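Participant: Got a structure for you, questions after.
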Amino acid sequence: MRLKKDLFQFKEFPNSGFLLLLWGLLLFSCNRTTQKKNIFHYNESSGVASLDPAFAKSQSVMWTAHQLYNTLVEVDKDMNIAPSLATRWDISADNLTFTFHLRSDVFFHDNKAFPGGKGRRMTAHDVAYSLTRIIDPQTASSGAWIFNNRVDTVQPFKAIDDSTFQLRLLRPFHPILGVLSMQYCSVVPKEVVDKYGKDFRRHPCGTGPFQFVAWEEGQALIMKKNPHYFEKDSAGTQLPYLDGIKITFVENKATEFLEFEQQRLDFINDIEASFKDEILTRGGELRKDWKGKIILQKHPYLTIEYLGILQDTTREVVRKSPLRDVRVRQAINYGFDREKMMLYIRNSIGTAATSGFVPLGFPSFDSTKVKGYHYDPTKALSLLKEAGYPNGEGLPPIPLLTIAIYADLASYIASDLRQIGIHINVEVVQKSLLLEQTAKSEALFFRGSWIGDYPDAENFLSVFYGKNPAPPNYTRYNNPAYDRLYDKALSEKDDSLRYIYYQEADQLMIRDAPVVPLWYDMVIRLVQPYVKNFHPNSLNLLELRRVRLEDSY
């Protein structure tokens, strides 16, 4: 069966979304060798909770929002802030007012909420409305926190005229540009939100490269090319190149991989632990049987996995613990082999965290400026002796809380530390319990991770800012010298200087060792060889605007 060329040329969809979906699924479900080859297919095993960007808190929602909407600014391939809906911006001398100058050629997708059903031009009033909607308690957006204690409390968002938007801060916070690149800050039209209310989650309308066709929850989501999209490539060809996207929601990862093998999916994000050894070598490369058949993509991911150590000495659990001694914390950091851990437990997916808390992939990352911990059992034993625990004598067992999927990693670390006399009792708990205990500062030693929300190291360093509660400051680390460096960085316009302050703060915290950095994560994808211009990025954002599917395969 061949995909009819006019599938995406309907001007008025049938009232029954389900009937449309059945029609779409029929056309989209043919084997790729016989169907029209310009529809990008991927699977989202966790499902999609909403198509409203105000609730873009999970990767699956972020990915779909990125196709349907645009933000004022976006992140380029080098993790720098680049124009999107805004062509440029000015910053006031006091670093409090950001003025954005907008494009005049951006239109919302066609929708029945507009006169005649035709999408209207996007203006600065839409930007002000969209950002105000995020912090409106009536919206109950999961992204309201991004502006907490950052934007002006009287009039944070203002449309000066149709093409000029202004944002005002409470205090200098240069990373606000990174915040504005988040999917939460996608621009939406008030008329459509008003028309559908809470059901806007199922009736999305944005300015993005693709627009909504149909969604049957648990089955499939279909989007088509936006024929009025404003971006063009360097040759003047309008983006996107694809005609559409089909997302399926198969929960079983083995079934997902089978679909990929049969070329019914164009890529798979991440590799299920149960069959990673079948596909990857210990060194993290494709095994011989797979070479030439599929493409393995790897890229630094703005994520760090770590062990946290509670620092709040007002807590009895801290006062009675040997972990209150920085030398014991440092000994743990020196006492296990991260490189071997990555090789044997992770198939080299990720990079051993031997620098700071800020992970590989940030422009400010520099392992020569921020030196962390490497495997040195001799140094660890020396530190234990200084702390009054020669060869670990007198050191009580230390409980480590983790969740089931990281139990093998925790056991590996415990095994290495046992060799130098540090006894770790690995306690596997439910994720909900671990989150509750860390939020209440009840967990002394715990496994954690931090995923970058926006491409600025401040997002990671905020985890240790003394004035921050838990979350994000789960360790309750509090060092005035660190806080001064953090505050100084936030008001610095010059990126090079800001990076220096970030590095100094990171190094200071690492010496104090409130955490045990484990590894900087990695985006890992299996991709069909006919998929071109499909590049991973450090935020693991699904970028499809420039993707092409080759005809000959």
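The values are calculated or read from the model by the stated rules, or taken from the named source; none is laboratory data. Everything numeric in this text was worked out from a predicted model, so none of it was measured. When we count neighbours, we look across all protein chains shown, and the Cβ atoms used for this are built from the backbone with ideal geometry, even at glycine.
Participant: Just one of (1) on the phi < 0 side of the Ramachandran plot; (2) more than 24 Å from the chain's Cα centre (by Cα) trips up GLY117, so point out which.
Facilitator: GLY117 satisfies all of (1) on the phi < 0 side of the Ramachandran plot; (2) more than 24 Å from the chain's Cα centre (by Cα) except (1).
Participant: For region 90-124, enumerate the residues that are more than 18 Å from PHE210 (Cα to Cα), of a type outside the set (Ser, Thr, Tyr) and exposed (fewer than 15 other Cβ atoms within 10 Å of the Cβ).
Facilitator: Across region 90-124, the qualifying residues are ASP90, ALA93, ASP94, PRO115, GLY116.
Participant: Quick one: which of ARG498, ARG545, ARG525 is under 25 Å from the mean Cα position of the chain (by Cα), in contact (Cβ under 8 Å) with a residue 24 or more places away in the chain and closer than 30 Å to LEU169 by Cβ?
Facilitator: One residue alone meets the criteria, ARG498.
Participant: Could you give every pair whose Cβ atoms fall below 8 Å, whose first residue belongs to region 93-122 and is without any contact (Cβ under 8 Å) to a residue 12 or more places away in the chain, and whose second residue is in a loop (DSSP other than H, G, I, E, B), counting only separations of at least 6 or pairs across chains?
Facilitator: LYS118/ASP110
Participant: Across region 170-184, which residue is surrounded by the most Cβ atoms within 10 Å (Cβ to Cβ) among those that are out of contact with any Pro (no Cβ under 8 Å at 6 or more places or on another chain) and outside any loop (DSSP other than H, G, I, E, B)?
Facilitator: Among them, the one singled out is LEU180.
Participant: A further question on this structure: Among the numbered criteria (1) under 23 Å from LEU490 (Cα atoms); (2) crowded, with 18+ Cβ neighbours inside 10 Å; (3) out of contact with any helix residue (DSSP H, G or I) (no Cβ under 6 Å at 6 or more places or on another chain), which one does VAL192 miss?
Facilitator: Answer for VAL192: the failing condition is (1).
Participant: Further, regarding this structure: Could you go through region 500-517 and let me know if any residue there is in contact with a Leu (Cβ under 9 Å, 6 or more places away or on another chain) and part of a loop (DSSP other than H, G, I, E, B).
Facilitator: Yes, region 500-517 contains at least one residue that is in contact with a Leu (Cβ under 9 Å, 6 or more places away or on another chain) and part of a loop (DSSP other than H, G, I, E, B).
Participant: Here is a further query. How many of the residues in region 505-525 are more than 27 Å from ASP337 (Cβ to Cβ) and either of a type in the set (D, E, K, R) or not assigned by TED's automatic domain parsing to the domain that holds LEU485 (or both)?
Facilitator: Total meeting the criteria: 1.
Participant: Scan region 200-259 for residues that are under 17 Å from ASN70 (Cβ atoms), β-branched (Val, Ile, Thr) and in a loop (DSSP other than H, G, I, E, B) and jot them down.
Facilitator: THR207
Participant: Hand me the list of helices (runs of 4 or more DSSP H) wholly inside region 394-492 holding 2 or more residues that are crowded, with 19+ Cβ neighbours inside 10 Å and out of contact with any Phe, Trp or Tyr (no Cβ under 6 Å at 6 or more places or on another chain).
Facilitator: Once the helices (runs of 4 or more DSSP H) in region 394-492 are filtered for at least 2 residues that are crowded, with 19+ Cβ neighbours inside 10 Å and out of contact with any Phe, Trp or Tyr (no Cβ under 6 Å at 6 or more places or on another chain), what remains is 407-418, 458-461.
Participant: Does ARG282 satisfy being over 24 Å from ILE345 (Cα atoms) and either out of contact with any helix residue (DSSP H, G or I) (no Cβ under 8 Å at 6 or more places or on another chain) or outside any strand (DSSP E or B) (or both)?
Facilitator: So ARG282 fails the test.
Participant: Check PRO529, PRO517, PRO536 and return the single one that is in contact with a strand residue (DSSP E or B) (Cβ under 9 Å, 6 or more places away or on another chain) and under 19 Å from ARG447 (Cα atoms).
Facilitator: PRO517
Participant: Also, quick follow-up: Can you name the number of the only condition in (1) assigned to a helix (DSSP H, G or I); (2) on the phi > 0 side of the Ramachandran plot; (3) small (Gly, Ala, Ser) that ALA140 fails?
Facilitator: Evaluating ALA140 over (1) assigned to a helix (DSSP H, G or I); (2) on the phi > 0 side of the Ramachandran plot; (3) small (Gly, Ala, Ser) leaves (1) as the failure.
Participant: So is LYS112 assigned to a loop (DSSP other than H, G, I, E, B), at pLDDT below 95 and on the phi < 0 side of the Ramachandran plot or not?
Facilitator: no
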